[in-house]
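The values are calculated or read from the model by the stated rules, or taken from the named source; none is laboratory data. Keep in mind that what you see is a predicted model, and the values were worked out from it rather than measured. Here Cβ is always computed from backbone atoms with ideal geometry, including for glycine, and neighbour counts include all displayed protein chains. Surface areas here come from the heavy atoms of the whole protein model, side chains and all, with no ligands, DNA or RNA. Shrake-Rupley method; radii C 1.70, N 1.55, O 1.52, S 1.80 Å.
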Amino acid sequence: MAPVPGPDISKDLLGLSAAEVKKELVAEYPTKVARKRAKQIVINEVGPDGEVPEILSNVRTIPGLISQRGCTYAGCKGVVLGPTRDIVNLTHGPIGCGFYSWLTRRNQTRPTGPQDYNFMTYCFSTDMQEEQIVFGGEKKLKQAIQEVYDLFHPKAIGIFATCPVGLIGDDVHAVAREMKEKLGDCNVFAFSCEGYKGVSQSAGHHIANNGLFTHVVGLDDTERAGRFKINLLGEYNIGGDAFEIERLFEDCGLTLIATFSGNSSYDGFANSHTADLNLVMCHRSINYVAEMMEKRFGLPWLKVNFIGAEATAKSLRKIARFFDDPELTARVEAVIAQEMPAVAAVREEVRARCQGKRAMLFVGGSRAHHYQELFREIGMEIIAAGYEFAHRDDYEGRRVLPTIKVDADSRNIEELQVEPDPERYRPRLSETARARLEEAGIKPSEYEGMMVDMQDGSLVIDDISQFETERLIERYWPDIVGAGIKEKYVVQKSGVPLKQLHSYDYHGPYAGFRGAINFYREIDRMVNSKVWKFLKAPWQEHPQLAATYVWE
Ligand code: CFM
């Protein structure tokens, strides 16, 4: 996508440029901290070939800065494995880790019938106590697995290690092997996803990808019926997004084998290698599975985005191009033609009220990019965006992959060595088909990152701190901030609405065409509400109430 034209967004309320604002921000820090943060705060500039400035990311948060990040366990258990209804996710650790990672993300699921399992409403934990910390927790873990099996007879049990497990040295993998053998008809596998394993939840994604690929993908070779078989990777069915995307796939005549992992099932993962194309939504959390499936089974992957009506249409057309079938192409066009009028009507109405308003988005590792589309569709501008835990390729595009330095923290996470499967490797894309796609501007195994889609002069900030968030709000006074629950109420008490782009507050879906309509209406309601200007945070009226107030 070409750089987005638009009015000058590079000035704050005082007329200072983004570069000047950045200078002021980092000047508040001690020298060493300032040096590091200066590399994580970048003024966007897109060159003629789509080249963008380098941004420091996927590095440790500086102690003392309040960050938005979560932990490795959250990325593994909560994010990637959490939304699968029929795997029992058993947290090996103190009760809080299990409880606080239990369904707060609003990942929904739809069992196929009364016989289908849904364990997502349960919270499974070994509830580690002092006795296990001192004498070891393997015995209690085995008992818990047995109890789960006796009560529920699930197809699979995933074990998730929390921080103390790594510290005391419980061997969760040995326990998993032993119990798998003992139970016979239940796949038991473990994840060494202790919270401290990486610098953020991103490490947990990688560990989860490795585990799923090693223990589940490829277990079931059954060929399902369907001419256009796809997997959707990196879509987690927050607020029902996957339901809307599934509806569109069905209308288009596409057969969805598996989603990793919104509205997903164990059998879907086991069978996913029989599909012909992987679609990658959230590149950060799932690119590893896409890469490994390509190497072992020959499935190519395409980056897609179903957030935004235009992005959805574009993604559907990409899929049609891939399969290169006139019937499919016609059906995709018919679906787009049928859905768009309703979208356009609401978009025009809402745009009249939202045009020129400004947003800041600080979310995870993909949504700060994807949601820009939706805001732009109603005429809004993105003045600053950033990720909590993305890597340089998510910002700058995969072209920088060979230049990313591997540090001690990333070396901590295993890179699986994957070879083509001797029997089942089947390249789905011939050289001619690949060339044909590239000619149409569709590059398999490519993601160009967030920055190329942002205006010159906008701020790109990695792992933003609470202090920087507050300062930016004072300086730019955006019409809305897109972030998460930890930021929400501080920002709103200051008088700026905050839309949770993780859990969607209590709303959604936002994906696909109907999702876009929901989002336009929600943002219209939020940015045009008059209540915000009457708000004054308690600490604005009484500075001594602020946590950072210095008594003299
Ligand atoms: Fe991918 Fe996600 Fe995200 Fe993510 Fe997440 Fe999430 Fe997110 Mo919250 S997998 S990177 S670890 S799109 S839970 S569904 S919203 S931070 S931007």
* All positions within region 501-545 that are among the aromatic types (Phe, Trp, Tyr), within 16 Å of His370 (Cβ to Cβ) and not in a loop (DSSP other than H, G, I, E, B) -> Phe513, Phe519, Tyr520
* Asked: Going through region 317-367 one residue at a time, which ones are within 16 Å of the ligand (Cβ to nearest atom) and either assigned to a loop (DSSP other than H, G, I, E, B) or among the acidic types (Asp, Glu) (or both)?
  -> Val363, Gly364, Gly365, Ser366
* Asked: What are the pairs, 6+ residues apart or on separate chains, where a residue within region 325-339 that is closer than 18 Å to Phe513 by Cα has its Cβ under 8 Å from a residue that is modelled with pLDDT of 95 or more and assigned to a loop (DSSP other than H, G, I, E, B)?
  -> Arg331/Gly253
* Asked: Restricting to region 237-264, what's the tally of residues that are more than 17 Å from Gly78 (Cβ to Cβ) and assigned to a strand (DSSP E or B)?
  -> 4
* To do: Starting from residues that are of a type in the set (A, V, I, L, M) and open to solvent by 10 Å² or more (accessible area, probe 1.4 Å), keep the ones in region 218-256 and report whichever is nearest to the chain's Cα centre (by Cα).
  => Leu256
* Structure fact -> Going through region 303-333 in order, the residues found to be β-branched (Val, Ile, Thr) and open to solvent by less than 10 Å² (accessible area, probe 1.4 Å) are Val304, Ile307, Thr312, Ile319, Val332
* Are there any pairs, at least 6 apart or on different chains, whose C-beta atoms fall under 8 Å, with the first in region 1-28 and over 12 Å from Glu468 (Cα atoms) and small (Gly, Ala, Ser) and the second assigned to a loop (DSSP other than H, G, I, E, B) and modelled with pLDDT under 80, and if so, which? -> Ser17/Ser10; Ala18/Ser10
* Tell me, please, whether a residue that is away from the ligand (no atom under 15 Å from the Cβ), in a loop (DSSP other than H, G, I, E, B), in contact with a strand residue (DSSP E or B) (Cβ under 9 Å, 6 or more places away or on another chain) and open to solvent by 10 Å² or more (accessible area, probe 1.4 Å) can be found in region 456-469. => yes
* Filter region 180-226 for residues that are of a type in the set (Asp, Glu) and assigned to a loop (DSSP other than H, G, I, E, B); which is farthest from the ligand (Cβ to nearest atom)? -> Asp185
* Selection from region 97-139 of residues that are in a loop (DSSP other than H, G, I, E, B) and within 16 Å of the ligand (Cβ to nearest atom) -> Ser101, Trp102, Leu103, Thr104, Arg105, Arg106, Gln108, Thr109, Met120
* Scan region 74-96 for residues that are within 16 Å of the ligand (Cβ to nearest atom), closer than 21 Å to Gly484 by Cβ, open to solvent by 10 Å² or more (accessible area, probe 1.4 Å) and not in a loop (DSSP other than H, G, I, E, B) and report the count. => 4
* **Selection from region 475-489 of residues that are more than 16 Å from Lys23 (Cβ to Cβ) and either within 16 Å of the ligand (Cβ to nearest atom) or touching a Leu at 6+ places or on another chain (Cβ under 9 Å) (or both)** => Trp477, Pro478, Ile480, Val481, Gly482, Ala483, Gly484, Ile485, Lys486, Glu487, Lys488, Tyr489
* Which one of Tyr371, Tyr387 is open to solvent by less than 20 Å² (accessible area, probe 1.4 Å) and more than 20 Å from Phe513 (Cβ to Cβ)? -> Tyr387
